[in-house]
Amino acid sequence: QVQLVESGGGLVQTGGSLRLSCAASGRTFSRYAMGWFRQAPGKEREFVSGIMSSGTTAYADSVKGRFTISRDNAKNTITLHMNSLKPEDTAVYYCAGSTNVLILRTRGGYTYWGQGTQVTVSS
């Protein structure tokens, strides 16, 4: 069983930045594909960004050029740097992981999920 714990959410003004982190338990973190998803009130949970065990990354079009994902296998963490934040980025952000992910954008491929962290961008 893998536990994922997100941190770093908060309230920021439009144009500001935040850094989200996800800490994972377990000794095989380096084998996991990891992703960030978000869910705004009344909306479906959507893909934001992901990173394979190889380091290959993917981004939703809505965040490309503004968000950067990275991983530190020595610390069992992934980080999402979010810049130029917009009110439409407001959501609960979830960290997810799995050894079975074939396509980072596919929510169903992820086995483990964190509890989420709130990001609010004020206009």
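The values are calculated or read from the model by the stated rules, or taken from the named source; none is laboratory data. Treat the numbers as computed from the prediction; the structure is a model and nothing was measured. Glycine gets a Cβ as well: all are built from the backbone with ideal geometry, and neighbour counts include every protein chain shown. What goes into the accessible areas is simple: the full protein's heavy atoms, side chains included, and nothing from ligands, DNA or RNA. Shrake-Rupley method; radii C 1.70, N 1.55, O 1.52, S 1.80 Å.
Excluding ligands, DNA and RNA, the accessible surface per residue across the chain is 52 Å² with a 1.4 Å probe.
Distance from the Cα centroid of region 84-123 to that of region 5-33 is 9 Å (rounded to whole angstrom). The heavy atoms of Glu44 present about 140 square angstrom of accessible area, all protein chains included, probe 1.4 Å. Put a dot 7 Å past the Cα of Met52, heading toward its Cβ, do the same for Asn100, and the two dots end up 1.9 nm apart.
Expressed in Å, the radius of gyration and Dmax of the Cα atoms of the chain are 13.3, 42. Counted by Cβ distance under 10 Å from Ala40, the other residues give a net charge of -1, where Lys and Arg count +1 and Asp and Glu count -1. Each of Gln118 and Ser25 was given a label point 7 Å from its Cα along the Cα-to-Cβ line. The distance between the two points is 2.6 nm. By accessible area, using a 1.4 Å probe on protein heavy atoms only, the chain has 46% of its surface on carbon and sulfur. The mean sequence distance of close C-alpha pairs (under 8 Å, at least 6 residues apart), as a share of the length of the chain, puts its relative contact order at 36 percent.
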